[in-house]
Ligand SMILES: NC(=O)CC[C@H](N)C(=O)O
C-alpha cells in the first residue's frame, strides 16, 4: 500500500477492510506493507537514504500494489513511481481515485512521452493537462463541489477483466469522492497508445475504469470500490487484485464471468481448511497455515 498517511493506521481503514474481505474469500493471509510514497522519491535518496532503501525494498518485494485515493501534491511523485514499477514489471496494480489519476499521468509521461503531462490539481498551468478539474465544480469553493456518492459506470467492453469480475454486468453503481477527472479530450490519444477506458459514466465523457489489457492486472477506478465491500461480500475489484497477486486470477475470472460453475474444493491432510462456506459463488476456506500475499 503506497500512500501519504501510512503512519496513521486508521487513514486507509476501508481499504484495509476491503483487502481483508477479498483475502478471506480467496483463502489467502493478507500481509500489508505500508510504503510512504514520499520515501520512494529521488529527493529521499539524498535526504533520507535509509527510508528510501526500505521503501523500494518493500515495493519491489510486493506481490501486488495498491495506490489509494488522496488529495494535494505531497508524495504524488512517489505514487507515480509505484504505478510505473507495477506497470513495467507486470505486478498487479489497483489504483483508486487518485491512484487511477496518477496511473494515467504515468502512462502519458512514460509511454506516450508527454513529459509535461500532469493533473491541474498539482499544476494548474500544466502544459499537457491529462487530469482536469471537473467543469461543473467551482475552483474557488471547495465545499460541496465534489462529485460524491453512488454513480453509475457502464462497461464499454465485456471481455475486460473488470467487467468479468463484476459478473459481466452492463453497469455497476459505486461510490465517488473527487473533484478532478481524466481529460476527455485526451482519451482517444490514450486509447491509441494502449490504455483502455473500459468503464465510463452515462455520457461516455467521464472515465471511470482504466485497464491495461496486456498486463496481468492493471486496473484503476475513479470510484471507491472499498466503500461497498462487506465481510462475505467482497468488492469484485479487490478480489481481482488479491487473486492476481496470488496466481488465481484466471480461475477467478472463469468463475465470475460464468465460464465455469463454482467447484467445491477438497483438500485433505494437515493443511486442510478448518471451515468451509460458500459466498458469491466462491468457495471460501480458512487455512491453519495460510499462504501469505503481500500488498
Ligand atoms: N478521493 C480522491 O482520491 C480524490 C482524487 C483527486 N484529489 C480529486 O479530487 O479528484
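Restricting the first member to the stretch 246-260 and to residues that are without any contact (Cβ under 8 Å) to a residue 24 or more places away in the chain, and the second to residues that are assigned to a loop (DSSP other than H, G, I, E, B), the beta-carbon pairs closer than 6 Å and six or more apart or on different chains are 254/260. The one condition from (1) more than 16 Å from the ligand (Cβ to nearest atom); (2) part of a loop (DSSP other than H, G, I, E, B); (3) more than 15 Å from the chain's Cα centre (by Cα) that residue 145 does not meet is (1).
Would you confirm whether any residue within the stretch 74-96 is on the phi > 0 side of the Ramachandran plot, surrounded by 15 or more Cβ atoms within 10 Å (Cβ to Cβ) and in contact with a helix residue (DSSP H, G or I) (Cβ under 8 Å, 6 or more places away or on another chain)?
Among the residues of the stretch 74-96, at least one is on the phi > 0 side of the Ramachandran plot, surrounded by 15 or more Cβ atoms within 10 Å (Cβ to Cβ) and in contact with a helix residue (DSSP H, G or I) (Cβ under 8 Å, 6 or more places away or on another chain), which makes the answer yes.
From the list 43, 23, the lone residue that is in a helix (DSSP H, G or I), more than 16 Å from the ligand (Cβ to nearest atom) and buried (at least 24 other Cβ atoms within 10 Å of the Cβ) is 23.
Among all positions in the stretch 155-174, there is no residue which is under 23 Å from residue 120 (Cβ atoms) and either at pLDDT 95 or above or within 14 Å of the ligand (Cβ to nearest atom) (or both). For the stretch 201-223, the tally of residues that are buried (at least 21 other Cβ atoms within 10 Å of the Cβ) and within 16 Å of the ligand (Cβ to nearest atom) stands at 9.
When the stretch 224-237 is limited to residues that are part of a helix (DSSP H, G or I) and within 16 Å of the ligand (Cβ to nearest atom), the one that is surrounded by the most Cβ atoms within 10 Å (Cβ to Cβ) turns out to be 225.
At least 3 residues being at pLDDT 95 or above and either within 12 Å of the ligand (Cβ to nearest atom) or within 13 Å of the chain's Cα centre (by Cα) (or both) is the threshold, and among the strands (runs of 3 or more DSSP E) wholly inside the stretch 53-119 those reaching it are 65-67, 93-96.
Test of understanding: among 283, 260, which residue is modelled with pLDDT under 95, assigned to a loop (DSSP other than H, G, I, E, B) and either on the phi < 0 side of the Ramachandran plot or within 16 Å of the ligand (Cβ to nearest atom) (or both)? Give the steps one after another, and end with the answer.
Numbers: 283 fails: assigned to a loop (DSSP other than H, G, I, E, B).
After applying the criteria, what remains is 260.
Please specify each residue of the stretch 46-71 satisfying the condition of being without any contact (Cβ under 8 Å) to a residue 60 or more places away in the chain and either exposed (fewer than 13 other Cβ atoms within 10 Å of the Cβ) or on the phi > 0 side of the Ramachandran plot (or both). If the condition is that a residue be without any contact (Cβ under 8 Å) to a residue 60 or more places away in the chain and either exposed (fewer than 13 other Cβ atoms within 10 Å of the Cβ) or on the phi > 0 side of the Ramachandran plot (or both), then 46, 47, 49, 50, 57, 60 are the ones that fit. Scanning the stretch 149-187 for residues that are part of a helix (DSSP H, G or I) and either more than 12 Å from residue 207 (Cβ to Cβ) or under 16 Å from the mean Cα position of the chain (by Cα) (or both) turns up 161, 162, 163, 164, 165.
The values are calculated or read from the model by the stated rules, or taken from the named source; none is laboratory data. Keep in mind that this is a model prediction, so the values were computed, not measured. Cβ sites come from the backbone with ideal geometry, for glycine too, and all protein chains shown count toward neighbours.
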